[in-house]
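Below: the structure, in structure tokens.
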Amino acid sequence: MAMISRMLDHFRRAVPFRIVPATIATAVLIGLLLVPTPDGLTPKAWALVAIFLTTIVAIILKVMPIGVMAMMAIMVVALSQVTATSSKGAITDALASFGNPLIWLIVVSVMISRGLKKTGLGARIGFWFISLLGRRTLGIGYGLAACELILAPFTPSNTARGGGIVHPIMKSIAHAFGSDPEQKTQGKVGTYLALVNYHANPISSAMFVTATAPNPLVVDYVAKVTNQSFHLSWGTWALAMLLPGLVCMALMPLVIYVLARPEVTRTPDAVTFARAELARMGPLQGREWVMLGTFALLLVLWADVPALLLGKAFSLDATVVALLGLFMLLITGTLDWEDVLTEKSAWDTLVWFGALVMLAGELNKAGVIGWFSAGLRSGIESSGMGWLPAAAVLVLVFLFSHYLFASTTAHISAMMLAFLTVGAHLVPGAYLVPFLLMMAAASCIMMTLTHYATGTSPIVFGSGYVGMGRWWFVGLVMALVELSVFATVGLLWWKVLGYW
């Protein structure tokens, strides 16, 4: 008995997971596997659903670090062979997402942002923002939102914009106030600014066709379901989203201020302090000029300026551009290889985000997403509900089904055309355009929901300023706020524009 007692005591002290949450997650997995396979799905597809939902539950309950949960998901997919007929095929599927360019864009963007801290340029930018807007934390939040909005029309990758450009600035400002997750001081201003940094990204993405990569796909689907009678050109999209988007951007820092109130709200001496620090730092140093030049090049290439001037042959993928930027920093000595190796948050993100992208992609390949969409379409058509509640259900289900996705492009590719087709069948012609515009807005609003919703989210979440519970809560509230704005201000604006 003494030996057993010692073993149990060692187990309690040594195991790296939390026993109660681990038990709950295991019960969820077993319970889902015991449920009979729904009609329209194969047993393997349903098992994959069980693995995905269990992984999400385990992450939410913080059974172990998120990277460990991701490795668990990869292992279970490989062992269970739910995606293939052999373990070799299954592990190939489980690791396939690590070749996804979006994931490497995130990883490389995090590495590039390290240069802002190392060179001191980030602190300089942070002090400059504080010198202009630093009397209140709320003012700094609006400064970040404005920065995001100005860059949005010219940056087709929302990840490059929010994660590669704005996020390093946000971190620099937080550090200038002594707000650092490693020192447990993220609540000073960092948590608030990180949430503003992130939630400005979906709003700006909704305001311009060129603000995020999947938007042109939305344009194509809208044209298809209307038989080319309604085309969202760059100008049409921008005008339609202008007023509701600006209202959302104006409200967002205030709403988050209420939901995640910073500990430091008034900083009367911050402007004087920032100006003194800028004077102490003196003129820009050589490495800072390299960082500025690199960022300028990245912005020009991410905005696809060469393609606009010289033709599509000169267009570069956003990940290729990010790798070019990292290489420039390495060969100029601005960063060294040790910086790359020690950037733990980048490698951690590679693992957990890669696993979630893999699971979402395999769900689509297994037909789960198509099965879900078809079931929804059949349910709405057979329910006999009026067109208005049916349209609302379509928008809401499309948006909140993003909890199942780790990519906006994958979500839009898998489900949007089906939802638009159902809507075009149910909604009277006079009101079809507002429905289509609501769906277009929802395709970006859904980015607010989770820490894996789009490429920007793992970068901001991975910096450690916001816990998962608060991230999901604020994300849900912001999704509802932005939906409400588009359903009121947006509809009235579209009435003024003559769309209904």
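The values are calculated or read from the model by the stated rules, or taken from the named source; none is laboratory data. These numbers were taken from a predicted model, which means no experiment stands behind them. No Cβ is skipped: glycine too gets one built from the backbone with ideal geometry, and neighbour counts run over all protein chains shown.
Tabulated data for the structure shown
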| quantity | calculated |
| --- | --- |
| Residue in segment 302-314 that is in a helix (DSSP H, G or I), touching a Gly at 6+ places or on another chain (Cβ under 8 Å) and among the charged types (D, E, K, R) present | no |
| Residues that are of a type in the set (Lys, Arg) and closer than 19 Å to Ser345 by Cα, drawn from segment 97-145 | Arg114, Lys117, Lys118 |
| Filtered residues of segment 326-379 (kept if charged (D, E, K, R), outside any helix (DSSP H, G or I) and in contact (Cβ under 8 Å) with a residue 24 or more places away in the chain) | Glu343 |
| Listing of helices (runs of 4 or more DSSP H) fully contained in segment 1-103 that carry 2 or more residues being within 30 Å of Val320 (Cα to Cα) | 66-80, 87-95 |
| Residue in segment 260-285 that is surrounded by the most Cβ atoms within 10 Å (Cβ to Cβ), counting only those that are in a loop (DSSP other than H, G, I, E, B) and free of Cβ contacts under 8 Å to residues at least 60 places away in the same chain | Asp269 |
| Segment 390-416 - residue that is at pLDDT 90 or above, of a type in the set (A, V, I, L, M) and under 20 Å from Met447 (Cα atoms) and, of those, nearest to the chain's Cα centre (by Cα) | Leu399 |
| Residue pairs meeting the criteria (Cβ under 9 Å; at least 6 apart or on separate chains; first over 15 Å from Asp317 (Cβ atoms), in segment 208-220; second modelled with pLDDT of 80 or more and of a type in the set (D, E, K, R)) | Ala211/Arg161 |
| Any chance Ala374 is assigned by TED's automatic domain parsing to the domain that holds Ala418, of a type in the set (A, V, I, L, M) and surrounded by fewer than 18 Cβ atoms within 10 Å (Cβ to Cβ) | yes |
| Subset of segment 343-389 [touching a Lys or Arg at 6+ places or on another chain (Cβ under 9 Å) and modelled with pLDDT of 85 or more] | Ala366 |
| Residue identified as in contact with a Leu (Cβ under 6 Å, 6 or more places away or on another chain) and either more than 30 Å from Ile125 (Cα to Cα) or modelled with pLDDT of 95 or more (or both) among Ala223, Ala240 | Ala240 |
| Out of Val340, Val290, sole residue that is surrounded by 15 or more Cβ atoms within 10 Å (Cβ to Cβ) and within 24 Å of the chain's Cα centre (by Cα) | Val340 |
| Selection within segment 230-241 - closer than 15 Å to Asn215 by Cβ and touching a helix residue (DSSP H, G or I) at 6+ places or on another chain (Cβ under 7 Å) | His231, Leu232, Trp234, Trp237, Ala238, Ala240, Met241 |
| Where Thr421 falls short, out of the listed (1) surrounded by 24 or more Cβ atoms within 10 Å (Cβ to Cβ); (2) more than 15 Å from the chain's Cα centre (by Cα) | (1) |
| Residue list for segment 414-456, filter: part of a helix (DSSP H, G or I) and either under 16 Å from Thr159 (Cα atoms) or in the same structural domain as Ala206 (by TED's automatic domain parsing) (or both) | Ser443, Cys444, Ile445, Met446, Met447, Thr448, Thr456 |
| Qualifying residue in segment 159-175 (condition: modelled with pLDDT of 90 or more, of a type outside the set (A, V, I, L, M, F, W, C) and over 26 Å from Asp317 (Cα atoms)) | no |
| Any hit, segment 436-444, residues being surrounded by fewer than 17 Cβ atoms within 10 Å (Cβ to Cβ), modelled with pLDDT of 90 or more and aliphatic (A, V, I, L, M) | no |
